[in-house]
Amino acid sequence: MNLTLDFNDPDLIADPYPFYEKLRTEKPVFRTNFGTQKVIVVSRFPDVAKILNDKDTLVNKLGTNKPDQFRNSPAGMLWRNAISRMDPPEHTDLRRAVSKQFTLKNLSFLKPSIEKITQNVFNDLDSTRIDVVDEVATKIPLLVICNLLGIPKDDWQKLQKSTDLFLKIFLPDRLSWEEVEDVNSASQYFIEYFSDLIKHTQKNPDSNLTSDLINGPLRAGSVSIEQLIGLLRGLFTAGFETTAATISASFLAFSKQKDQFEQMRFKESTIPNAVNEILRWETPVQAMIRYASKDLKLGNFAVGTGEALLLLTGSSNHDPMRYQTPNKINIFRDSTDHHAFGGGRHYCLGFHLAKLEIEAVLREMRNRFSEINLECVEIQRKPNLQFRSITTLPVRLVAK
Ligand code: HEM
C-alpha cells in the first residue's frame, strides 16, 4: 500500500474513506512525510481521541518554520494572536476570558435571528433547481457571522476574498514568496479592518458579540487589543467556511439517503441528532496536527518528544469500531462524541453557534420539501482534503 499522504490527490479528495479504512486496518499508526514535515499518522477513533485529549500535546513545535517566515509581518501578528495556534498558559487565559461569550445561554438570543435569516434565504430561492453552495450554504453562515460581529453587508466580499488568501498560512509546506505576499496583504487588510471595527463599536455600542467582547474581556484587561483583533479574524474565518461545508453536506446526505430524510420529516425531534451525524459523516476539518511535549505511547507505538502527530479526524469519525456502517448517516445513533469539532482544550469555540445554524437549515428543509434530488454525477470539491468542502452542488427540490 502507498503510505504517502497527499491531501491534493484528486482521487483521495473525491473519496478518502477506502484509503482511511486500509490505514486503520493495516497501519493505524505510522511515520511518513507530509509536505516538508515528518509526521506520525493516526487514524483510529480511540487513538485520535487520546491525542486530542492528551495534556502533553501542543499545537506549536519550537523551531517550526511558519513563524520564521512571518516573524515581524502582519501575518506574524495574526498567527501569534490566533487562539487555535496558542498553547498553555496563553491559550488557557484567553479561552477562559472569552468562553462566557460562547455558551449556549449567551448565544441563544441569536436563535430567532438565525431562524429568520435561514427562512429568508429559502424564501428567496426562485427555482426548484438550485446550486446549494451558492444559494444556501455560503449565504447563511456569512449572514449570521456578520450579524453576530456587526460587520456591514458591503464589506463581506473583500473579507471573504482575504480569507481565501489568508488560509494559505495553514498549508503544511513552506510558502513561496508570492504566497507569503498574499498572506501578508490579506493579514494587513484584516488588521486594519478589525481595528476600525473595534474603534467604531467602542463609539457606537450595539447588541453584538464585538460589543460584548469590548465591554467584557477587553475592558477588564483579560484580552489585549491584538488578541481581540486575532480573535475577530479567527471567528470570521472559522465561522463560515466549515458551517457552509456542513450545510452543503446535509443536502448531499439527504439526497443520497432518502430514507433518513423521510425519518427526519416524520419526526422533528431527530434534528439535533441529524446535525451530529452530518458533522461526523462529512467532517469538514479532516486532519489536525499536534506535537508531543513528552514521550507518549499509542498502544505499542512509541512517540518521541517533539514529534508531530497528524490526526485523521475524517478517518476516526468513520471508524467502524466506534460507529457501525460509518459511511452511512443514521440519524438515530448517538454520535455526540464525534471529532468534527476537534477535542480537548481546542474544542471548537463556536460549536453551539454552528449547531444552531445547521439545525435551522434542517428544520426549513423538512418543513418545505418532500425530496432532494441530486442533479450531478460527480461532486466538485475544494482541492485540499484538510478542509473538505463542496464547491458546487446542483439539486432539484420537490416542494411538499
Ligand atoms: C460546522 C462548523 C464548524 C466546524 C466543523 C468546526 C471545526 C473546528 C475544529 C475541528 C476546531 C479545532 C481545531 C484544532 O484543534 O486544531 C475548531 C476550533 C475553533 N472553532 Fe470551529 N468549527 C465550526 C464552526 C465554528 C464557528 C461558527 C465558530 C465561531 C464563530 C468557530 C470558531 C472556532 C474557534 C475560535 C476555534 C479555536 C478554539 C481554540 O483553539 O481554543 N467554529 N473548530
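Only the coordinates and a few stated rules stand behind these numbers; no lab work does. None of these values were measured; they are calculated from a predicted model. Counting neighbours? That spans all protein chains shown, and the Cβs are built from the backbone with ideal geometry, glycine included.
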Report task. Only residues in segment 220-241 that are under 14 Å from Arg85 (Cα atoms) and of a type in the set (S, T, N, Q) count as the first member; pair them with residues that are more than 10 Å from the ligand (Cβ to nearest atom) and not in a helix (DSSP H, G or I), Cβ under 8 angstrom, at least 6 apart or cross-chain, and list the lot. Result -> Gln227/Asn81
Query raised in the report: Right, Leu159: in a helix (DSSP H, G or I) and among the aliphatic types (A, V, I, L, M) or not?
Result: yes
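Of the residues Lys139, Lys105, only one is among the basic types (Lys, Arg), surrounded by fewer than 17 Cβ atoms within 10 Å (Cβ to Cβ) and free of Cβ contacts under 8 Å to residues at least 60 places away in the same chain; which?
Being among the basic types (Lys, Arg), surrounded by fewer than 17 Cβ atoms within 10 Å (Cβ to Cβ) and free of Cβ contacts under 8 Å to residues at least 60 places away in the same chain holds for just one of Lys139, Lys105, which is Lys105.
Only one of Leu349, Leu296, Leu309, Leu353 is more than 15 Å from the ligand (Cβ to nearest atom) and surrounded by 19 or more Cβ atoms within 10 Å (Cβ to Cβ). Can you tell me which?
Among Leu349, Leu296, Leu309, Leu353, only Leu296 is more than 15 Å from the ligand (Cβ to nearest atom) and surrounded by 19 or more Cβ atoms within 10 Å (Cβ to Cβ).
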Query raised in the report: Got a sec? Which of Asn8, Asn53, Asn72 is in contact with a Leu (Cβ under 8 Å, 6 or more places away or on another chain) and not acidic (Asp, Glu)?
Result: Asn8
Report summary line: Of all helices (runs of 4 or more DSSP H) fully inside segment 73-138, the set with 2 or more residues that are within 16 Å of the ligand (Cβ to nearest atom) and under 18 Å from Leu353 (Cα atoms) is 90-99, 104-107, 111-123
Query - Residue within segment 226-249 that is away from the ligand (no atom under 12 Å from the Cβ), touching a helix residue (DSSP H, G or I) at 6+ places or on another chain (Cβ under 8 Å) and either among the aromatic types (Phe, Trp, Tyr) or over 30 Å from His91 (Cα atoms) (or both) present - result: no
Query raised in the report: Would you pick out the residues in segment 312-340 that are among the hydrophobic types (A, V, I, L, M, F, W, C) and either buried (at least 19 other Cβ atoms within 10 Å of the Cβ) or more than 27 Å from Tyr291 (Cβ to Cβ) (or both)?
Result: Leu312, Ile329, Ile331, Phe332, Ala340
Query raised in the report: Among the residues of segment 327-342, is any among the polar types (S, T, N, Q), more than 26 Å from Phe34 (Cβ to Cβ) and more than 20 Å from the chain's Cα centre (by Cα)?
Result: yes
Query - Hits in segment 118-134 - residues which are surrounded by 15 or more Cβ atoms within 10 Å (Cβ to Cβ) and in contact (Cβ under 8 Å) with a residue 60 or more places away in the chain - result: Thr118, Gln119, Phe122, Ile130, Asp131, Val132, Val133
